[in-house]
Amino acid sequence: MISFLTALFFIGLTVGVYIGARMFYQKFPYPFTLPLVIGTIIMIIILLVFKIPYDTYSLGGEWIEKLLGPAVVALAYPLYKQMSMLKKYFMSIVTGVFVGAVIGIVSGLLLAKWLGVEEMLIYSLIPKSVTTPVAMDVAKTLGGAPPLAAIFVMVAGIGGVMLAPYLFKWFKINHYIGKGIGTGSASHAIGTAKALENSEEEGAASSVAMTLSAIVVSVIGPMLVFLLY
């Protein structure tokens with residue numbers, strides 16, 4: 001009974017913090033005030049200040065985590081509604097995703113080698129730009145640590161969403177296909193959620209990019225590691 005009440009409390013706390021962060025973002029809509037960023041920071045502060053073990057928080061947090069799967073599946077709906085657009089730009093999307101996946105892997109691999117990072121961390125870093133379950137499986141296959149891969153995925157997702165508006169502005173990327181492919185390829189589900197806020201078309205392109213990136217990285221990731229490392 002106590003565990004059940006604890007789980008309910010932390011579910012309510014997490015949802016409440018997110019709602020508050022979203023209201024703050026609506027008032028101050030800047031990349032660095034995204035609800036996910038502000039909400040994550042607030043939750044970390046709460047856990048540290050009140051010395052709440054993560055295992056205790058996860059009694060409720062794990063139930064929210066279980067909603068990730070249905071949330072990703074729900075992205076198929078805008079995808080279906082924008083099917084004609086996806087058919088029109090099919091080759092552009094596939095080419096963009098492939099290039100984005102290769103650059104994401106190679107840039108992380110070469111930077112890690114240049115910094116002298118140990119192999120286990122490098123293998124965990126390789127799948128940073130795909131959704132968490134896929135990244136963890138790829139990292140495990142390569143010899144990395146799945147929990148570290150999950151952390152790198154979160155860093156890539158949040159970092160990509162925060163920097164994307166500035167990069168689009170600097171490189172004058174204005175078309176929703178370009179934005180969607182870039183966001184989905186680099187920031188997976190987190191980026192796709194943000195892209196959906198901008199427009200349904202951009203969200204659909206990002207959803208396709210996220211899905212294709214997972215496939216491409218799973219296939220070529222080990223090959224590039226073998227060739228370059």
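The values are calculated or read from the model by the stated rules, or taken from the named source; none is laboratory data. Here the structure is a predicted model, which is why all the values come from computation and not from measurement. All Cβ positions, even for glycine, are placed from backbone atoms using ideal geometry, and neighbour counts span all protein chains on display.
Here are a few things to note about the model shown:
- Pairs where the first residue, in region 132-152, is closer than 14 Å to His188 by Cβ and the second is modelled with pLDDT under 85 and of a type in the set (Val, Ile, Thr), C-beta under 6 Å, 6+ apart: Ala150/Thr132
- Restricting Lys179, Lys172 to those that are among the basic types (Lys, Arg), outside the structural domain of Pro35 (by TED's automatic domain parsing) and assigned to a helix (DSSP H, G or I) reduces the list to Lys179.
- Residues that are at pLDDT below 90 and β-branched (Val, Ile, Thr) were ranked within region 178-199; the one that is surrounded by the most Cβ atoms within 10 Å (Cβ to Cβ) is Thr192.
- Taken residue by residue, region 95-109 has at least one member that is surrounded by 17 or more Cβ atoms within 10 Å (Cβ to Cβ) and over 22 Å from Ala205 (Cβ atoms).
- Criterion (without any contact (Cβ under 8 Å) to a residue 40 or more places away in the chain, outside the structural domain of Pro165 (by TED's automatic domain parsing) and either among the β-branched types (Val, Ile, Thr) or assigned to a helix (DSSP H, G or I) (or both)) met by exactly one of Tyr80, Tyr18: Tyr18
- Some residue of region 153-163 being more than 15 Å from the chain's Cα centre (by Cα), of a type in the set (Val, Ile, Thr) and surrounded by fewer than 24 Cβ atoms within 10 Å (Cβ to Cβ): no
- Meets criteria (in a helix (DSSP H, G or I) and of a type in the set (S, T, N, Q)) for Ser129: no
- Residues in region 22-43 that are in a loop (DSSP other than H, G, I, E, B) and surrounded by 13 or more Cβ atoms within 10 Å (Cβ to Cβ): Leu34 alone.
- Considering each residue of region 9-21 in turn, at least one proves to be crowded, with 16+ Cβ neighbours inside 10 Å and over 22 Å from the mean Cα position of the chain (by Cα).
- Scope region 55-79; condition surrounded by 10 or more Cβ atoms within 10 Å (Cβ to Cβ) and either over 27 Å from Phe9 (Cα atoms) or among the β-branched types (Val, Ile, Thr) (or both); matching residues: Thr56, Ile64, Val72, Leu75, Ala76, Tyr77, Pro78, Leu79
- Options Ala209, Ala193; residue that is in a helix (DSSP H, G or I), under 14 Å from the mean Cα position of the chain (by Cα) and closer than 16 Å to Phe90 by Cβ: Ala209
- Met136 satisfies every condition listed in (1) under 28 Å from Phe90 (Cβ atoms); (2) modelled with pLDDT under 85; (3) surrounded by 21 or more Cβ atoms within 10 Å (Cβ to Cβ) except (1).
- All positions within region 1-56 that are of a type in the set (D, E, K, R) and touching a helix residue (DSSP H, G or I) at 6+ places or on another chain (Cβ under 7 Å): Arg22
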